Amino acid sequence: MIIFQLTNKELPAIAGGRPVRDNFLPYARQWVEEDDIEAVRAVLQGNWLTTGPAVAAFEREFAARVGAAYAAAVSSGTAALHVACFAAGVRYRDEVITTPLTFVASANCALFLGARPVFADIDPKTYNICPEEIEKKITPRTKAIIAVDFTGQPADLDAIRMIARRHNLVVIEDAAHALGAMYKGHSVGGLSDLTVFSFHPVKHITTGEGGMVTTNNEELYRRLLLFRNHGIVRERELLVENQGPWYYEVQDLGYNYRLTDIQAALGLSQLKKLDRFLARRWQIAAIYNEAFAALPEVEIPCSVPGAISAWHLYILALHLDKLAKSRREIFEALRAENIGVNVHYLPVYRHPFYRQLEGPGNCDRQSFFCPRAEELYERFITLPLFPAMTDQDIADVVAAVYKVITWARRSR
Ligand SMILES: Cc1ncc(COP(=O)(O)O)c(C=O)c1O
């Protein structure tokens, strides 16, 4: 149990006081231990650096952990989204519906294939894509829905699956934030047509860079493998012709999105620790929830009944009407306390690159605009949350938030 030393009478550092801590606490960080390093060393001393047994073992263990029939390891979460869109059959001029409140890769993957991302607004309570808004955006060109489990909270997967069935669409779940999350008693990873994960260092487990796509559909799996490896086919029974034992064919345009065995060894070793990492994330989120529920100036994240979040991100939504300072001033005050707060995310369509996509025959501002995502983006602040945080780190975050909110509070 942590006893909070609330220093809320003190001046914040931004106004000339002493910061809560002397060194900077990032919002997220990997946790790599000696046994992880040993696992990587063993691969470096072996025969296979890529496309070897460590990749196969990582895929097997990962699929088993998330309850999926198949898993294909790739070089990043972005590659995983690209591969998944290809497998889903997304092509030139198709439309793919996704949330604006996500990392840009969730929408870019449609553009990679010449398709057009379409944004459906979020549910203001869960911050995830809203099924009714998805329905409004469906056209004859819609091919797929990319549902992001934002912050680690599973999207409304049953409702999304029903919509997809009715309109013959593929559901790609972007679970880059949600490794270890549960939805109605099942692990995220075996619930959608395709589920995408990232192993970037800020995520639940890391391979440096890396990603995974899981599916229960053998045909989709075959297409994942094809796109990951230059569109190359080697299976004798699938070749157009067979010129001999050396012979392979390129049957589609693919990429080199392979994960190395060096990375897979790290992934395998990290996967063994996933439950420990998740338990610590849940513990930190519970401490934050308890501490910040008492602050009327902020809204804590909602916990959706029937779902268990993987708590990749912990986001406070500021009640700006109760505060005399702006989000930016509060953000800068927390940074001055050496708390590595962040903001997730500027709605994707507001990035300059997306703005220049707007135009006749392409994307008009009206069809992109999502007012709920806009409103919440202006109020969000992400607090540090990662399993290697010490009890003192957690206490520092709580103390800094109390100190800064007390300073920023509107006098009553
Ligand atoms: C929701 C989401 N999707 C996809 C990605 C892309 O993953 P990667 O960085 O591994 O390419 C990220 C990365 O932060 C993400 O947050």
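The values are calculated or read from the model by the stated rules, or taken from the named source; none is laboratory data. Model, not experiment: these values are computed from the prediction. Quick reminder, even Gly has a Cβ in these numbers, built from the backbone with ideal geometry, and neighbours come from all protein chains shown.
List pairs: first in the stretch 81-107 and closer than 26 Å to Glu374 by Cα, second more than 16 Å from the ligand (Cβ to nearest atom) and polar (S, T, N, Q), Cβ under 7 Å, 6+ apart or cross-chain?
Within 7 Å, the pairs are Glu95/Thr139; Glu95/Thr142; Ile97/Thr142.
Which condition number does Glu297 fail, the rest of (1) modelled with pLDDT under 95; (2) surrounded by 14 or more Cβ atoms within 10 Å (Cβ to Cβ); (3) not aliphatic (A, V, I, L, M) being met?
Against the list (1) modelled with pLDDT under 95; (2) surrounded by 14 or more Cβ atoms within 10 Å (Cβ to Cβ); (3) not aliphatic (A, V, I, L, M), Glu297 comes up short only on (1).
For the stretch 307-327, how many residues are outside any strand (DSSP E or B) and more than 19 Å from the chain's Cα centre (by Cα)?
8
Would you call Ile330 part of a helix (DSSP H, G or I), assigned by TED's automatic domain parsing to the domain that holds Val40, away from the ligand (no atom under 16 Å from the Cβ) and more than 19 Å from Tyr127 (Cα to Cα)?
Considered against the rule, which asks whether it is part of a helix (DSSP H, G or I), assigned by TED's automatic domain parsing to the domain that holds Val40, away from the ligand (no atom under 16 Å from the Cβ) and more than 19 Å from Tyr127 (Cα to Cα), Ile330 comes out as no.
Okay, residues lined up against (1) outside the structural domain of Val196 (by TED's automatic domain parsing); (2) among the aromatic types (Phe, Trp, Tyr); (3) crowded, with 24+ Cβ neighbours inside 10 Å:
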site: Phe58; (1), (2), (3): no, yes, yes
site: Phe62; (1), (2), (3): no, yes, yes
site: Gly67; (1), (2), (3): no, no, no
site: Tyr70; (1), (2), (3): no, yes, no
site: Ala73; (1), (2), (3): no, no, yes
site: Ala79; (1), (2), (3): no, no, yes
site: Cys85; (1), (2), (3): no, no, yes
site: Thr98; (1), (2), (3): no, no, yes
site: Leu101; (1), (2), (3): no, no, yes
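Quick one: how many residues across the stretch 204-239 are in a loop (DSSP other than H, G, I, E, B) and crowded, with 19+ Cβ neighbours inside 10 Å?
The qualifying residues number 5.
Is it the case that Ala294 is in a helix (DSSP H, G or I) and among the small types (Gly, Ala, Ser)?
No.
Of all residues in the stretch 228-259, which are closer than 28 Å to Gly208 by Cβ and of a type in the set (Gly, Ala, Ser)?
Gly231, Gly254
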